[in-house]
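A.B. asks: After the structure tokens below, expect a handful of questions from me.
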Amino acid sequence: MTSSHVKSAVRVLEILETLAAHAQPMPTMAIARECDIPKSSAHHILNVMLERNYVTYHDHERAWGLGVSIFEVGSAYLRRTPLQRLGRPLLEGVCADTGEACHLAILHGTDVLYLDKEQPAWDGPNLVTDVGVRLPAHLTAVGWAILAELPEAEVRASFEATPMATRTGSGPASLGALLENLAAVRARGFAFDDQMITPGICCLAAPVFSHSDRPVAALGVSYLAAKGNPALVTRFADAVCAAAARLSASLGWRKPGVRDRGAA
């Protein structure tokens, strides 16, 4: 690789880092100035990145923002390392402790994507939360656990144009109802799905945080609704919250408080 190629690669990375550091899209001149590169070079690089969807151009603002390929690369990282590797023994532990199926999921648009699952040895209920399955985030405990920790404006932007369909007749039917449920999740410390996806199946979930205190995943446990009682809910919630806090700590999260519930 020639020195000019290395220089171009460095500039691409500097542009991506600059866009990531700003909440709002940036004009070409501002990017060039902050990255200390000629405007013509910045314009050329940005257009190449646009072709590969690493940036997007907002015509009405005449400004650039990060593109969907960045999200895809980031999601691939979360799916492979370190979430799955670090989360696997914790899933096994929660499954052994509760005797129920456990799963790890991330937010993918307005859906949740299930990354991993641990099934108990006994012949448990038939669940739809297999690895690779996507389900509506507004109808799952893992989705609520993540969404409850995001800024309300971000949740509104994602769901304001999304029909709030239900699968079992249970769950929020409007954005306002979803926001009310998310407020309850934050107050309680964990999310609870009362048969919103599958009749007869409940789920408890807690958020997993990155080193930057952003929710990047959720860890949940599913069980038969017929088993439900206050003592069981408390025991399962303690197990899930403790495992989620330990996984968060493994990812560099160090913020103390209610989210540390049960952490060892």
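A.B. asks: Taking the options Ala177, Ala245, name whichever one is under 26 Å from Val133 (Cα atoms), exposed (fewer than 15 other Cβ atoms within 10 Å of the Cβ), assigned by TED's automatic domain parsing to the domain that holds Gly87 and modelled with pLDDT of 90 or more. First the steps, then the outcome.
C.D. replies: On the way: Ala245 fails: exposed (fewer than 15 other Cβ atoms within 10 Å of the Cβ).
From the options Ala177, Ala245, the qualifying one is Ala177.
A.B. asks: May I ask you to say which residue of Ala137, Ala161, Ala187, Ala145 is assigned by TED's automatic domain parsing to the domain that holds His103, out of contact with any helix residue (DSSP H, G or I) (no Cβ under 7 Å at 6 or more places or on another chain) and either among the aromatic types (Phe, Trp, Tyr) or under 21 Å from Phe209 (Cα atoms) (or both)? Break it down into steps so the answer makes sense when it comes.
C.D. replies: Numbers: Ala137 fails: out of contact with any helix residue (DSSP H, G or I) (no Cβ under 7 Å at 6 or more places or on another chain); Ala161 fails: either among the aromatic types (Phe, Trp, Tyr) or under 21 Å from Phe209 (Cα atoms) (or both); Ala145 fails: out of contact with any helix residue (DSSP H, G or I) (no Cβ under 7 Å at 6 or more places or on another chain).
Step by step, each of Ala137, Ala161, Ala187, Ala145 is checked, and only Ala187 is assigned by TED's automatic domain parsing to the domain that holds His103, out of contact with any helix residue (DSSP H, G or I) (no Cβ under 7 Å at 6 or more places or on another chain) and either among the aromatic types (Phe, Trp, Tyr) or under 21 Å from Phe209 (Cα atoms) (or both).
A.B. asks: Those residues that are hydrophobic (A, V, I, L, M, F, W, C), surrounded by fewer than 17 Cβ atoms within 10 Å (Cβ to Cβ) and over 24 Å from the mean Cα position of the chain (by Cα), I need them from region 14-29; list them, please.
C.D. replies: Scanning region 14-29 gives a single hit, Met29.
A.B. asks: Would you confirm, using the coordinates I've provided, whether Arg156 is free of Cβ contacts under 8 Å to residues at least 40 places away in the same chain and under 22 Å from Ala239 (Cα atoms)?
C.D. replies: Values: free of Cβ contacts under 8 Å to residues at least 40 places away in the same chain: yes; under 22 Å from Ala239 (Cα atoms): no.
Taking the combined requirement at face value, the residue does not satisfy it.
A.B. asks: Assuming Asp36 fulfils every condition listed in (1) surrounded by 15 or more Cβ atoms within 10 Å (Cβ to Cβ); (2) acidic (Asp, Glu); (3) more than 27 Å from Leu113 (Cβ to Cβ) apart from one, which condition is it?
C.D. replies: Here Asp36 meets the rest and fails (1).
Listed here are the residues, each with its yes/no results for (1) assigned to a helix (DSSP H, G or I); (2) at pLDDT 90 or above; (3) outside the structural domain of Ala243 (by TED's automatic domain parsing).
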residue: Asn47; (1), (2), (3): yes, yes, yes
residue: Thr56; (1), (2), (3): no, yes, yes
residue: Arg79; (1), (2), (3): yes, no, no
residue: Arg85; (1), (2), (3): yes, no, no
residue: Leu127; (1), (2), (3): no, no, no
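A.B. asks: Which residue is nearest to Thr140 (Cα to Cα), if the candidates are limited to region 213-235 and must be touching a residue at least 60 places away in the same chain (Cβ under 8 Å) and β-branched (Val, Ile, Thr)?
C.D. replies: Looking at the filtered set, the residue picked out is Val221.
A.B. asks: In region 199-250, what count of residues is obtained for those that are touching a helix residue (DSSP H, G or I) at 6+ places or on another chain (Cβ under 7 Å) and in a loop (DSSP other than H, G, I, E, B)?
C.D. replies: Total meeting the criteria: 1.
A.B. asks: Against the condition of a type in the set (S, T, N, Q), under 25 Å from Pro89 (Cβ atoms) and without any contact (Cβ under 8 Å) to a residue 60 or more places away in the chain, how does Ser210 come out, does it pass? Step through it out loud before you land on a result.
C.D. replies: Working: of a type in the set (S, T, N, Q): yes; under 25 Å from Pro89 (Cβ atoms): yes; without any contact (Cβ under 8 Å) to a residue 60 or more places away in the chain: yes.
For Ser210, the condition - of a type in the set (S, T, N, Q), under 25 Å from Pro89 (Cβ atoms) and without any contact (Cβ under 8 Å) to a residue 60 or more places away in the chain - is met.
A.B. asks: Can you tell which of Gly67, Gly87, Gly99, Gly74 is within 30 Å of Val131 (Cα to Cα), surrounded by 17 or more Cβ atoms within 10 Å (Cβ to Cβ) and free of Cβ contacts under 8 Å to residues at least 40 places away in the same chain? Please lay out each step first, then the result.
C.D. replies: Values: Gly87 fails: free of Cβ contacts under 8 Å to residues at least 40 places away in the same chain; Gly99 fails: surrounded by 17 or more Cβ atoms within 10 Å (Cβ to Cβ); Gly74 fails: surrounded by 17 or more Cβ atoms within 10 Å (Cβ to Cβ).
On inspection, the qualifying residue turns out to be Gly67.
A.B. asks: Would you mind finding the one in Ala183, Ala165, Ala187 that is at pLDDT 95 or above and exposed (fewer than 13 other Cβ atoms within 10 Å of the Cβ)?
C.D. replies: Details: Ala165 fails: at pLDDT 95 or above; Ala187 fails: at pLDDT 95 or above.
Being at pLDDT 95 or above and exposed (fewer than 13 other Cβ atoms within 10 Å of the Cβ) holds for just one of Ala183, Ala165, Ala187, which is Ala183.
A.B. asks: Something else about it: Across region 40-49, what is the total count of residues that are surrounded by fewer than 17 Cβ atoms within 10 Å (Cβ to Cβ) and over 21 Å from His60 (Cβ atoms)?
C.D. replies: The initial filter retains those residues of region 40-49 that are surrounded by fewer than 17 Cβ atoms within 10 Å (Cβ to Cβ), namely 40-41, 43-44, 47-48.
Applying the additional criterion that residues be over 21 Å from His60 (Cβ atoms) yields 40-41, 44, 48.
Qualifying residue count, region 40-49: 4.
A.B. asks: On the given criteria, is Asp193 touching a Ser or Thr at 6+ places or on another chain (Cβ under 7 Å), within 21 Å of Cys95 (Cβ to Cβ) and modelled with pLDDT of 85 or more?
C.D. replies: Numbers: touching a Ser or Thr at 6+ places or on another chain (Cβ under 7 Å): yes; within 21 Å of Cys95 (Cβ to Cβ): yes; modelled with pLDDT of 85 or more: yes.
The answer is yes for Asp193.
A.B. asks: Oh, and also: Scan Val240, Val233 and give me the residue that is at pLDDT 95 or above and within 14 Å of Glu100 (Cα to Cα).
C.D. replies: On the way: Val233 fails: at pLDDT 95 or above.
Checking each option against the conditions leaves just Val240.
A.B. asks: Can you pull out the residues in region 148-158 that are of a type in the set (A, V, I, L, M, F, W, C) and either outside any helix (DSSP H, G or I) or not assigned by TED's automatic domain parsing to the domain that holds Leu182 (or both)?
C.D. replies: Kept after step one, since they are of a type in the set (A, V, I, L, M, F, W, C), are these residues of region 148-158: 148, 150, 153, 155, 157.
Across region 148-158, the qualifying residues are Ala148, Leu150.
The values are calculated or read from the model by the stated rules, or taken from the named source; none is laboratory data. What you are looking at is a predicted structure, and each value in this text was computed from that prediction instead of being measured. A quick note on method: Cβ atoms are made from the backbone with ideal geometry, for glycine too, and the neighbour counts reach across all protein chains shown.
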